[in-house]
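The values are calculated or read from the model by the stated rules, or taken from the named source; none is laboratory data. Remember, it's a predicted structure, so these values are computed and weren't measured experimentally. Here the Cβ positions follow ideal geometry from the backbone for every residue, glycine too, while neighbour counts run over all protein chains shown. Only protein heavy atoms, including side chains, enter the accessible area calculation; ligands, DNA and RNA are left aside. Shrake-Rupley method; radii C 1.70, N 1.55, O 1.52, S 1.80 Å.
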Amino acid sequence: MESAPRVMVVEDDPTVRTVVGDYLRASGLDVSLYSDGLSAQRALEKELPDALVVDRMLPGVSGDEITRDVRARSDLPILMLTALGAVDDRIDGLEHGADDYLAKPFAMRELQLRVQALLRRRSAADPVAVFTAGDFRVDPAHRRVWISGRELALTTREYELFLYLARHPDRPLTRDEILRDVWQWSAGDAATVTVHVRRLREKIEPDPRFPAFLRTEWGRGYRFAPRGDGTPDDDGGEDSDAQDERNPDVVEQSLPSAEPGDAGGPDDPGTRRQPQQNHTGGASWTR
């Protein structure tokens, strides 16, 4: 199973600590709770979480001290909580190294959104950080991908193609662009991309015949919709045997063979599907 982002919460008020912990866990985060600064500091010396939520006014070691200590050795996202809501107090907390500041009392929903925003920014800044794209979760450091909690078995090239698509969501990409950026080829047979797109669809789509995630953009290329579009592509149609170079789903009769590092290869010629053409434009998708 995939691992949820780990968030440490340091809060001396038992009621606030419990409510915050329960709310963040309900949103899918792995939460550890600490009631004082010293125990939290010791835990942080052993292992850093993915984000830290810390109360500024703590017994023993203050939230300011914890923030300064962590910031001296890490860019760990830090959200500071405090009952001190004056502008000078907020500025002071940020100057100690906090990324965000939330004054008490606060809405649990706002806290959740702020923590998730910090996690997203960390993923965007770190090319190997685990990140989420709609229904998918990607761990670049270990080259693993999950969809709705189920890990996908991808070949080397399928993973590289998926990672590229996941980092360019909802953006039409031509086969030449994909060939250049994923294969590092300045020139080559674009049908290579078509074959790998088809193979990837067989692993990520509920029904590969009607793609919802990896969409065909008529006359342009492909578009990755992380949450799935409402109207899946229809790769068939009355003129499914007709070929049109504008449609990337039209596969040439001579398909490329498997590449080094890819287990298996394109469909066996004896069972290969006939070229088919998409007759529906890619539906728009709003994040």
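When you scan the range 22-30, do you find a residue that is part of a helix (DSSP H, G or I), out of contact with any helix residue (DSSP H, G or I) (no Cβ under 6 Å at 6 or more places or on another chain), open to solvent by 50 Å² or more (accessible area, probe 1.4 Å) and not small (Gly, Ala, Ser), even just one? Yes. Return the residues of the range 72-115 that are open to solvent by 70 Å² or more (accessible area, probe 1.4 Å), within 18 Å of residue 44 (Cα to Cα) and at pLDDT 80 or above; say none if nothing qualifies. 72, 99 - these are the residues of the range 72-115 that are open to solvent by 70 Å² or more (accessible area, probe 1.4 Å), within 18 Å of residue 44 (Cα to Cα) and at pLDDT 80 or above.
Scan the range 42-59 and give yes if some residue there is open to solvent by less than 60 Å² (accessible area, probe 1.4 Å) and over 29 Å from residue 131 (Cα atoms), otherwise no. Checking the range 42-59: at least one residue is open to solvent by less than 60 Å² (accessible area, probe 1.4 Å) and over 29 Å from residue 131 (Cα atoms). When 181, 170, 176 are checked against the criterion of being part of a loop (DSSP other than H, G, I, E, B) and farther than 28 Å from residue 9 by Cβ, a single residue qualifies: 170. Just a yes or no: is a residue in the range 40-63 in a helix (DSSP H, G or I) and under 23 Å from residue 107 (Cβ atoms)? Yes. Suppose the filter is in a loop (DSSP other than H, G, I, E, B) and free of Cβ contacts under 8 Å to residues at least 24 places away in the same chain; does residue 105 pass it? When the stated conditions are applied, residue 105 passes them.
Residue check: residue 203 meets all listed conditions (1) open to solvent by less than 40 Å² (accessible area, probe 1.4 Å); (2) part of a helix (DSSP H, G or I) but one, namely (1). Does any residue of the range 218-225 turn out to be modelled with pLDDT of 90 or more, open to solvent by less than 10 Å² (accessible area, probe 1.4 Å), closer than 28 Å to residue 5 by Cβ and part of a loop (DSSP other than H, G, I, E, B)? Within the range 218-225, one or more residues are modelled with pLDDT of 90 or more, open to solvent by less than 10 Å² (accessible area, probe 1.4 Å), closer than 28 Å to residue 5 by Cβ and part of a loop (DSSP other than H, G, I, E, B).
Taking residue 38 as the residue in question, decide whether it is at negative phi and free of Cβ contacts under 8 Å to residues at least 40 places away in the same chain. Yes; evaluated as a whole, the condition is true for this residue. For the condition at pLDDT 85 or above, under 25 Å from residue 29 (Cα atoms) and of a type in the set (Gly, Ala, Ser), residue 141 does not qualify. So is residue 156 surrounded by fewer than 17 Cβ atoms within 10 Å (Cβ to Cβ), more than 18 Å from residue 223 (Cα to Cα) and hydroxyl-bearing (Ser, Thr, Tyr) or not? Here the answer is yes, as residue 156 does meet what is asked.
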